[in-house]
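The values are calculated or read from the model by the stated rules, or taken from the named source; none is laboratory data. As the structure is a prediction and not an experimental result, all values here were calculated from the model. Neighbour counts are summed over all protein chains in view; Cβ atoms, including those assigned to glycine, are modelled from backbone coordinates with ideal geometry.
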Amino acid sequence: MTAETLVWSIAATVVTGIGGVAALRCFLATRRRYELLLIGAVVVLAACTAVWPPALRLAVVPFGAFGLPAAVVDLAEHRIPNQLSAMFAASGAVGIAVIGVGSGTPEMLLRAAVGGLGWGGLLLGSFVVSGQPGPGDVKLAPSLGMLAGAAGWPVIGSAIAISYLIAGCAALALVLSSRRQARIPLAPAMAGGTVLAVTMTSLAV
């Protein structure tokens, strides 16, 4: 392990701890408690990020603090609080900028920008044309796109594709269970698709 990798790993551990506290406070601010769902999501996220590049692990802090709670609230209540989306976008952009400059990989900033604009623009266009998905999903997409872009060019398309695959499987499950009128929250599929895409890319390297 190089000295730079060690420093990034220590920094990621410290910041992740701080992010965990922020996540809990922000999540409980929704006035509804879904601790088991959030804890399960955090455990899965931690297991996946163990194989991510050390520098990229810092980018998971905004995701864990704001992105995961947003997905869990959407799963439980079919809505995404604006505060979570806004904080995720702001902290994610700053975090990725710091990582890109600090690790000497300015291309990461370009990839993140393309990913955020691409995924956000895709859902915004769909919303304007068809009214779907919901506005909360549209606001969440740029943040997830930035995270996917920071991981690599191929991850952007993979994250979007996997997200819709997960949503499609959920829709099929509802049809088979005769719950055709049930709404399918897209944020959990988007968050899961992003994490899976980044993790699979990290394992392939």
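Within segment 156-181, the set of residues being surrounded by 13 or more Cβ atoms within 10 Å (Cβ to Cβ) and among the small types (G, A, S) comprises G157, S158, A159, S163, A167, A170, A171.
Might you let me know whether segment 120-132 holds any residue that is in contact (Cβ under 8 Å) with a residue 12 or more places away in the chain, surrounded by 21 or more Cβ atoms within 10 Å (Cβ to Cβ) and not β-branched (V, I, T)? Taking every residue of segment 120-132 in turn, at least one turns out to be in contact (Cβ under 8 Å) with a residue 12 or more places away in the chain, surrounded by 21 or more Cβ atoms within 10 Å (Cβ to Cβ) and not β-branched (V, I, T). Among residues of segment 36-53 that are farther than 20 Å from T201 by Cα, those with a beta-carbon under 6 Å from a residue that is of a type in the set (F, W, Y) and in a helix (DSSP H, G or I) at least six positions away or on a different chain give the pairs L38/F27.
Taking the stated definitions as given, is A170 under 24 Å from A46 (Cβ atoms), of a type in the set (A, V, I, L, M), touching a residue at least 12 places away in the same chain (Cβ under 8 Å) and outside any loop (DSSP other than H, G, I, E, B)? So A170 fits the description; yes. Given the criteria in a helix (DSSP H, G or I), modelled with pLDDT under 55, under 21 Å from K139 (Cα atoms) and aromatic (F, W, Y), does F27 qualify? Here the answer is yes, as F27 does meet what is asked. Listed by position, the helices (runs of 4 or more DSSP H) contained in segment 53-150 that have at least 3 residues being in contact with a helix residue (DSSP H, G or I) (Cβ under 6 Å, 6 or more places away or on another chain) and modelled with pLDDT under 95 are 54-57, 68-77, 82-102.
Each residue in segment 138-155 was checked for being under 13 Å from L123 (Cβ atoms) and either buried (at least 24 other Cβ atoms within 10 Å of the Cβ) or of a type in the set (V, I, T) (or both), and 7 pass.
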